Structure formats: C-alpha cells, structure tokens
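What follows is a single structure, written as structure tokens, with notes after it.
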Amino acid sequence: MTFQATVYRILIASPNDVMAERKIIQEIISSWNATYFSKMKALLLPVLWETHIVQEMGGRPKVALNLQIAKDCDILIGTFWTRIGTDIGFAESRTIEEIKEFQKAGKPVMIYFSSVPVVPSSVDLKQYEKLMRFMDDCLNQGLVERYDSIIDFREKLSRQISSKMVKIHKIQEGETSKDSNETPKKEFKDLIIQKFCDLIEGYISNWTREKNSKPTSFDDGKQVLKDLTREILSLKAPLIKIFNKEIIKNIDEIISKLEKLQKHRLYLDPKSFRDFWKLGDEIFTSLDSIAGKVRKDIHRHTYPKD
C-alpha cells in the first residue's frame, strides 16, 4: 500500500577527523526511518557534501554549490573533535559556513563536540585554536552537546534526534499552537530546558565515572567540575529568561560551590579525599533535583517562570 510521506534532508557537516561519528549519524538515521517511517509518515534523508557534490556538480563552482546544498537541507548535524574544517577562502571552514547558513534561516542545528583524548603531536594547533573559538561561540548560544566516547555519542544523538524530529514534524503537520509568535518562544524554552537537563545528566555520569575509576584521579575530577561550571555559565543568560528567581538563585549557589570545590586542597589524610567526592556528590544531587523539576515542567508544557 502506498502513502505520502514528508522527507527531511539532514546535512551531516563535520571535518575529516570524525569519520566514525559520520558513519554513526547515518546508522542512526537509518534506524529512525525503520522505526518511525510508517508511524509518522516521515523519512530522513542523509546528505553528505562529498557525495552530493559529485551528483550535482554540473560545472558549478564548488563553494556556491556547497552553500546551495546547505540551503536545500532542513536539519544540520555537526560533529567536531580537533579540527574546524577546510578553509574556503571567505570563511574559516566549509562546515562553519554551512552552520551559519542554517542559523540565518532559523533551521534546526545540532552540534556535538568530542571530549575523547587525543595525541597532542597529531593536533594542528591553528585548526584547534579556531575550533575552540567556535566552540565558545556555540556554548554562548546553547547549541553544544559534549560526548566522551563513540557509545556516548550514539546514545545522545539517538535520543535527541528522536525528540527533535517529533517536535519538527508536529510543527510541519500543524499540531502545535497556531500562534506563530508563541511557537518560536515555546520551542526556544523547550530547547534550553532540554539542553540544561541533558547537560546535568551527562556530567553526573562523568563525575560518577571519575569517582569510581581505579586509580581515582582528582585532577580529572576537578576538570569535570571546571567544564561543568563553564557550560552552566554559558547557559546562564537564556536560563534567566526561563526559570524563576528561586531556581536561578539555587543555580548561582551551585556555581559558587563548584568554583570553591575546584580549589579544594587535598592532603595525605583520607578525610580530605573523602570530603572532595562527598561535596561533589552533594552538588550533583542538587543539580539533579533541579533538572528533575524542570524536566517535569517541560513534559507538562509549563515552565518554572510562568
């Protein structure tokens, strides 16, 4: 039996140092299609620059064609590790230019940064410096998701692409509010709240892993606290617009505790070691409590600010 379906073109944008992630993205898209194609009457079509440039070249300049491919797509998934991508003359990289085109058009962008360790001698420092500037910009916009392994990447992308596609498809089908002014506001709130909750969930996992590792590395534990502090601060501005004063006050108190714990002095006595992990556990318990409350709010389609 035949039926009509909505096709969403997903641009996979990333440099050549994350080839494993590019393969996983295609596998997840294929899995999503197998699960939801008949239920939602929607199909995800992966678009890779290196394959479509050959199919559609037709004598057109590569740069112009590349940007046209980006304009023709509906969703962008970007992954980064140590490189920012190929210089195309008028922009730092083709990948960055594609992402900017999506942002200008108001299209969904999903960006992932790898925290997987790398051999220092293999890193192009110029590329890495540019990448760090780009990552800071993305953090300020609340666009970034971090992952520390291929398994972690697969789990996070699988969960988030399913959530995002449900929202996008509902909008396309007219199932959300007909108020065109309220819909973007709600989508922004949903995005930031989901981002905050996923951030806390990921760092709880990172903290627990470091605490239970053998041998335990306190430097790695402090690095988890440092990274978490930076990422919460990057979300602070949009969170203030969404959450009520009490939650923002709690978050400010937690940031203060995070910064203090990063300066925790470790002595030879076991107590200072135990105190470090105990204080960290208390911080993450508080964060988990906040995440649990706001996650309930988003499921009920209400917000702590309201």
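The values are calculated or read from the model by the stated rules, or taken from the named source; none is laboratory data. Everything quoted here is computed from the prediction, not taken from an experiment. Using ideal geometry, Cβ is built from the backbone for each residue, glycine included, and neighbour counts are taken over all protein chains shown. Note: areas computed on protein heavy atoms with side chains; ligands, DNA, RNA excluded. Shrake-Rupley method; radii C 1.70, N 1.55, O 1.52, S 1.80 Å.
LEU45's amide H: which non-local residues (gap 5+, or another chain) put their own amide H closer than 5 Å, with H modeled 1.01 Å from N in plane and none for Pro or chain starts?
For LEU45, the qualifying residues are TYR8, ARG9, ILE10.
Show ASP288, ASP281 ordered by accessible area, largest first, where the area counts protein heavy atoms only and the probe is 1.4 Å.
Numbers: ASP288 85, ASP281 50 Å².
Descending accessible area places them as ASP288, ASP281.
Which residues' amide hydrogens lie under 5 Å from the amide hydrogen of TYR112, considering only partners 5 or more residues apart or on another chain, with H built in the peptide plane?
Sorted by chain and number, the residues that satisfy this are GLY78, THR79, PHE80, GLU145.
Mind checking which lysines have their Cα closer than 25 Å to the Cα of LYS278? Skip sequence neighbours fewer than 8 apart in that chain.
LYS211, LYS214, LYS222, LYS226, LYS249, LYS257, LYS260, LYS263, LYS293
To the nearest 10 Å², what's SER149's accessible area with a 1.4 Å probe?
40 Å²
Can you tally the net charge around HIS264? Count Lys and Arg as +1, Asp and Glu as -1, for every other residue whose Cβ sits under 11 Å from the Cβ of HIS264. Kindly include the intermediate steps, with their values, before the conclusion.
Details: positive: LYS222, LYS257, LYS260, LYS263, ARG265, LYS278; negative: GLU259, ASP275.
Result for the local shell: +4.
May I ask for the Rg/Rh ratio of region 1-44, computed from Cα atoms with Rh as the Kirkwood radius, given to two decimals? Let's see the in-between values first.
On the way: Rg = 12.8 Å, Rh = 11.7 Å.
For region 1-44, the value is 1.09.
Got a number for carbon plus sulfur as a percent of region 242-291's accessible area, 1.4 Å probe? List each step's numbers first, then the result.
Details: 1710 of 3190 Å².
Ligands and nucleic acids excluded, carbon and sulfur reach 54 percent.
All other residues with a Cβ under 15 Å from the Cβ of GLY221 taken together, and with Lys, Arg as +1 and Asp, Glu as -1, what is their net charge? Walk me through the intermediate numbers first.
Working: positive: ARG209, LYS211, LYS214, LYS222, LYS226, LYS257, LYS260, LYS263, ARG265, ARG274, LYS278; negative: ASP148, GLU210, ASP219, ASP220, ASP227, GLU259, ASP275, ASP281, GLU282.
Around GLY221, the charge tally is +2.
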